[in-house]
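See structure below.
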Amino acid sequence: MSSIAIVWYRRDLRVHDHPALAAAVAEHDRVVPLFVCDPRFADGRYASPRRAGYMRSALHALDAQLQERGGRLFFRDGDPATVIPALADELGARTVLWTSDVSRYARDRDARVTEALGGRTGDGGRARPMPGNSIVDVARIATQAGGPYTVFSPFHRTWQQAPRRPIHPAPQEIRTPTILSTGRLEPGTHDDTAGEAHARAAADRWLHGPADRYAQRHDDLSGGTSQLSPHLRWGTLSPLALEQRAARAGHDAFTRQLAWRDFYAHVLLHEIGSKRPDPAWDADRDHELLDAWRDGRTGYPLVDAGMRQLARTGWMHNRARLVVGSFLTKDLHLDWRLGEMHFARELLDGELAQNNGNWRWIASVGVDPAPPARRMFNPTLQQRRFDPDGSYVRRWVPELERVPADLLPEPWTMTDAQQRDAGCVIGRDYPAPIVDHAVERRRAIELFARGQ
Ligand SMILES: Cc1cc2nc3c(=O)[nH]c(=O)nc-3n(C[C@H](O)[C@H](O)[C@H](O)COP(=O)(O)OP(=O)(O)OC[C@H]3O[C@@H](n4cnc5c(N)ncnc54)[C@H](O)[C@@H]3O)c2cc1C
C-alpha cells in the first residue's frame with residue numbers, strides 16, 4: 001500500500017535543505033506540502049499586514065518550486081490542531097512532519113497538534129518535528145552545569161563546537177496526491193524580492209563579493225550588511241547552508257552574527273527572563289513623542305532616517321535599529337515594548353526571538369544587561385561615525401539634502417543664513433530636536449539607578 005506524509009510548512013518556506021521535506025520524500029510514496037492559514041496570526045498581537053503580504057509572496061514562490069518538481073503546495077484555513085489531524089485522517093497519512101520552533105505560542109500549538117495526532121512517531125503517533133530553523137539545535141546547547149546560556153560570548157564558543165546536521169539537497173521529484181483540492185491563497189505583495197529563488201541569488205551575490213568586507217563595513221549605514229534577514233525570517237534561505245558556505249569562505253565575523261540569531265532562539269526557548277528590572281518608564285508622557293519617533297520627526301537626523309527607512313521599506317540597518325532603540329528608551333524614556341510592537345508590525349524580518357531579544361538588549365533589561373550607560377547612543381556622534389558623508393541621512397530625510405556634511409548631524413545649529421542656503425528652515429521644513437540628548441542621558445542614568 002502506498003504511504004502518504006504531510007509536510008506542514010510554517011516559516012521554513014523552501015525546498016533546499018529542508019529536513020522535514022527531505023525525509024518525507026525519501027520515506028513516503030506521496031507527500032502533501034501544506035500551509036495552514038491560522039486566523040490567530042492575522043488578529044494576533046504581532047500581526048503585520050506588510051509581513052503577511054511578504055509571506056504570501058514567499059508561499060506562492062514555494063508553490064512554484066514544488067511544481068517544478070512535480071508537486072504542489074496545499075492551503076487550508078483554520079486552527080492547525082483541527083485542520084491537520086482531519087486532513088491526515090482523510091488522506092490516511094502516516095506521518096506529519098514539520099520544522100520545530102521555539103516560541104511559547106509555537107510550542108503550545110505544536111503540542112496540541114501532536115496530541116491530536118496521537119503523539120510522536122517514535123511513540124506510536126504520527127507527529128514528527130524536525131530541525132531546520134536554526135544552525136545548531138538550540139535546545140541541546142547547554143552550559144557545563146546543564147543550564148541555558150544567558151550571555152552571548154560563552155554561548156558562541158559552545159555554538160562553534162556544536163554538531164551540524166547534514167545539508168539536504170532539494171528533492172528532485174515530489175509526488176503529491178492527484179485528487180486533493182489545493183485550496184487558495186491570496187496574492188502576495190513582494191514578488192520582486194520574496195521567495196527561495198531570490199533568497200539563493202541574494203546569498204550568492206553576498207558571499208561572492210561584499211561578505212569579504214563585512215568585518216570592516218557592517219556598521220556602515222549605507223551598506224555593508226547582507227540584508228538577508230527577511231529570507232532567514234521566512235526560511236526561504238537555510239541558515240545552516242548559509243553558515244556553512246560563509247564558514248568555508250572564512251567569513252568569521254558574519255558567521256558570528258548569524259550565531260546571534262541562534263542565541264536569541266535559545267533565550268526564547270528557555271524563556272529566560274530579564275536580569276535587570278525595568279526602570280520606571282514614562283508611561284503617560286506625551287504620546288506625541290512616540291508619534292514623532294514612529295514617524296521620523298524627532299529632529300535627530302539619524303533617528304529619523306532609520307525610522308523612515310523602516311516605514312518605507314520594512315527593513316532597517318542594524319546600527320540604525322540600535323540608535324532608534326536607544327533613543328526611544330534612553331532619550332524618550334518610553335517602554336521598549338512600544339518599540340518592539342512597532343518593529344513587529346513594520347519589519348519584514350520581524351520575529352519574536354530576535355526582536356524581543358534585541359529590544360531588551362538595547363533597553364538594558366535583557367538576559368545580559370551591561371551598565372545602561374554603555375548602551376546609550378549619542379545620535380549625533382553615531383551619525384558622524386557611521387554616516388560620515390551623510391548619504392544615508394540624505395537618502396531618507398530629503399529635506400536635509402542640501403545641508404552641508406559637517407552640519408548634518410546637528411542641523412539645528414545652522415545659522416539663519418545657513419538654513420536659507422540649505423533650503424531647510426528648522427522648525428518649518430525639519431523639526432527642532434524634540435528633546436535634548438545631554439539632558440535626557442543624565443535622566444536615563446538616574447531612572448536606571450533608581451530602578452535597581
Ligand atoms: C531593536 C532591534 C530589533 C531587532 N529586531 C529584529 C527582528 O525582528 N528580526 C531580525 O531578524 N533581526 C532583528 N534585529 C537584529 C538585526 O538588526 C537584524 O538581524 C539585521 O539588521 C538584519 O540585517 P542583515 O540581514 O543585513 O544583517 P547581517 O549583518 O548581514 O547579519 C546576517 C544575519 O545575522 C542575523 N543577525 C545579525 N544581527 C543580529 C542580531 N543582533 N540579533 C539576531 N540576529 C542577528 C540576522 O539573521 C541577519 O540577517 C534587531 C535589532 C535591534 C537592535
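The values are calculated or read from the model by the stated rules, or taken from the named source; none is laboratory data. Computed from a predicted model, the values in this text were never measured in an experiment. No Cβ is skipped: glycine too gets one built from the backbone with ideal geometry, and neighbour counts run over all protein chains shown.
Within the stretch 310-322, the set of residues being under 29 Å from Arg428 (Cβ atoms) and either surrounded by fewer than 21 Cβ atoms within 10 Å (Cβ to Cβ) or more than 9 Å from the ligand (Cβ to nearest atom) (or both) comprises Leu310, Ala311, Arg312, Thr313. Taking the stretch 85-105 as the range and being under 27 Å from the mean Cα position of the chain (by Cα) and surrounded by 19 or more Cβ atoms within 10 Å (Cβ to Cβ) as the test, the residues that pass are Val96, Leu97, Trp98, Thr99, Ser100, Asp101, Val102.
Give me a count of the residues in the stretch 59-72 that are over 20 Å from Leu97 (Cα atoms) and buried (at least 16 other Cβ atoms within 10 Å of the Cβ). Before you say what the answer is, go through the steps one by one.
If we filter the stretch 59-72 for residues that are over 20 Å from Leu97 (Cα atoms), which is where we start, we get 60-61, 64, 68.
From the residues that got through so far, the ones that are buried (at least 16 other Cβ atoms within 10 Å of the Cβ) too are 60-61.
Summing the residues that are over 20 Å from Leu97 (Cα atoms) and buried (at least 16 other Cβ atoms within 10 Å of the Cβ) in the stretch 59-72 gives 2.
Consider the stretch 285-334 and keep the residues that are of a type in the set (S, T, N, Q) and part of a helix (DSSP H, G or I). The one that is nearest to Pro398 (Cα to Cα) is Gln309. Scanning the stretch 127-185 for residues that are more than 23 Å from the chain's Cα centre (by Cα), buried (at least 19 other Cβ atoms within 10 Å of the Cβ) and either in contact (Cβ under 8 Å) with a residue 60 or more places away in the chain or outside the structural domain of Leu59 (by TED's automatic domain parsing) (or both) yields a total of 5. Just to verify a result, which residue in the stretch 323-365, among those that are within 11 Å of the ligand (Cβ to nearest atom) and among the small types (Gly, Ala, Ser), is surrounded by the most Cβ atoms within 10 Å (Cβ to Cβ)? Filtering first and then ranking leaves Ala363. If you take the residues of the stretch 36-63 that are in contact (Cβ under 8 Å) with a residue 60 or more places away in the chain and of a type in the set (Phe, Trp, Tyr), which of them is farthest from Arg10 (Cα to Cα)? Top of the filtered list is Tyr46.
Per-residue answers, yes or no, for (1) within 28 Å of Gly92 (Cα to Cα); (2) in contact with a Leu (Cβ under 6 Å, 6 or more places away or on another chain):
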residue: Leu21; (1), (2): yes, no
residue: Val36; (1), (2): yes, no
residue: Phe41; (1), (2): no, no
residue: Gly44; (1), (2): no, no
residue: Arg50; (1), (2): no, no
residue: Tyr54; (1), (2): no, yes
residue: Gly70; (1), (2): yes, no
residue: Asp79; (1), (2): yes, no
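Scanning the stretch 335-348 for residues that are in a loop (DSSP other than H, G, I, E, B) and not aliphatic (A, V, I, L, M) yields one hit, Asp335.
Which fully enclosed helices (runs of 4 or more DSSP H) of the stretch 385-452 have 1 or more residues being at pLDDT below 95 and surrounded by 19 or more Cβ atoms within 10 Å (Cβ to Cβ)? If you could, list the steps in order and put the result at the bottom.
Working: elements: 391-396, 416-422, 437-451.
Ranges flagged: 437-451.
Evaluate the following for Pro277: is it surrounded by fewer than 18 Cβ atoms within 10 Å (Cβ to Cβ), farther than 30 Å from Gly427 by Cα and in contact (Cβ under 8 Å) with a residue 60 or more places away in the chain?
yes
The listed residues are Asp252, Asp192, and the only one of them that is away from the ligand (no atom under 12 Å from the Cβ) and modelled with pLDDT under 95 turns out to be Asp192.
For His270, the conditions (1) within 10 Å of the ligand (Cβ to nearest atom); (2) surrounded by fewer than 22 Cβ atoms within 10 Å (Cβ to Cβ); (3) closer than 24 Å to Asn356 by Cα are fulfilled apart from (1). Based on this model, can you work out whether Thr298 counts as more than 15 Å from the ligand (Cβ to nearest atom) and of a type in the set (Val, Ile, Thr)? It is true that Thr298 is more than 15 Å from the ligand (Cβ to nearest atom) and of a type in the set (Val, Ile, Thr). From the list Met307, Met376, the one residue that fits, being more than 10 Å from the ligand (Cβ to nearest atom), in the same structural domain as Tyr430 (by TED's automatic domain parsing) and surrounded by fewer than 22 Cβ atoms within 10 Å (Cβ to Cβ), is Met376.
Might you check whether a residue that is small (Gly, Ala, Ser), modelled with pLDDT of 95 or more, closer than 15 Å to His18 by Cβ and outside the structural domain of Val83 (by TED's automatic domain parsing) occurs anywhere in the stretch 217-234?
Keep residues of the stretch 217-234 that are small (Gly, Ala, Ser), which gives 222-224, 226, 229.
The next check asks that each one be modelled with pLDDT of 95 or more; those that pass are 226, 229.
Restricting the remaining residues to those that are closer than 15 Å to His18 by Cβ gives none.
No; the residues of the stretch 217-234 include none that is small (Gly, Ala, Ser), modelled with pLDDT of 95 or more, closer than 15 Å to His18 by Cβ and outside the structural domain of Val83 (by TED's automatic domain parsing).
Of the helices (runs of 4 or more DSSP H) contained entirely in the stretch 23-123, those carrying at least 3 residues that are of a type outside the set (Gly, Ala, Ser) and farther than 28 Å from Val138 by Cα fall at 49-68, 80-91. Could you tell me which residue of the stretch 1-14 is nearest to the chain's Cα centre (by Cα), considering only residues that are surrounded by fewer than 24 Cβ atoms within 10 Å (Cβ to Cβ) and either part of a loop (DSSP other than H, G, I, E, B) or charged (D, E, K, R) (or both)? Residue satisfying both the conditions and the ranking: Arg11.
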